[in-house]
Amino acid sequence: MNWKRVASTAELKPGETKRVFVAGIDIALCNLAGSFYAVDNVCTHAYACLSDGYFEGDTLECPLHGGRFNVKTGAAGGGIVTEDLRRFAVRVDGDDVFVSVGDDGG
């Protein structure tokens, strides 16, 4: 896998999301109770940045129309959305958070 450092663990408190770019892909990096997950940052329903939305539990809610996605699985979980998000592999090494967008990434 081709890993890219995207953040430090201190940059995202549990329950926070950060917009990052890896290989030109817009990604929402999420801290869920100290575990990091990465999914597409653009809602599958209409163009909106999910990192601008609301993060509660393991659900990320789109700020535009309220569609909800599970950040662990990328699964569409309610609201207007029916299409899942892509997931990307995340690795934490010390205080550094890395994301890979390789074919085996998620």
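Points worth noting:
- Some residue of segment 22-40 being among the charged types (D, E, K, R) and either in contact with a Gly (Cβ under 9 Å, 6 or more places away or on another chain) or more than 15 Å from residue 86 (Cα to Cα) (or both): yes
- Inside segment 64-86, residues that are out of contact with any Ser or Thr (no Cβ under 9 Å at 6 or more places or on another chain) and closer than 16 Å to residue 27 by Cα make up a count of 4.
- Qualifying residue in segment 44-55 (condition: modelled with pLDDT of 90 or more, farther than 21 Å from residue 23 by Cβ and buried (at least 16 other Cβ atoms within 10 Å of the Cβ)): yes
- Residue check for residue 10: farther than 15 Å from residue 87 by Cα, modelled with pLDDT of 95 or more and not aromatic (Phe, Trp, Tyr): yes
- Residues of segment 2-47 that are touching a residue at least 60 places away in the same chain (Cβ under 8 Å) and out of contact with any strand residue (DSSP E or B) (no Cβ under 7 Å at 6 or more places or on another chain): 10, 23, 25.
- Residue that is most open to solvent (accessible area, probe 1.4 Å) [pool: residues in segment 64-91 that are outside any loop (DSSP other than H, G, I, E, B) and more than 16 Å from residue 22 (Cα to Cα)]: 68
- Subset of segment 16-25 (residues that are of a type outside the set (A, V, I, L, M, F, W, C) and open to solvent by 40 Å² or more (accessible area, probe 1.4 Å)): 16, 18, 19, 24
The values are calculated or read from the model by the stated rules, or taken from the named source; none is laboratory data. Not measured: the values here are computed from a predicted model. Every residue, glycine as well, gets a Cβ built from its backbone with ideal geometry; the counts of neighbours run over all protein chains shown. Heavy atoms of the whole protein, side chains included, go into the accessibility calculation; ligands, DNA and RNA do not. Shrake-Rupley method; radii C 1.70, N 1.55, O 1.52, S 1.80 Å.
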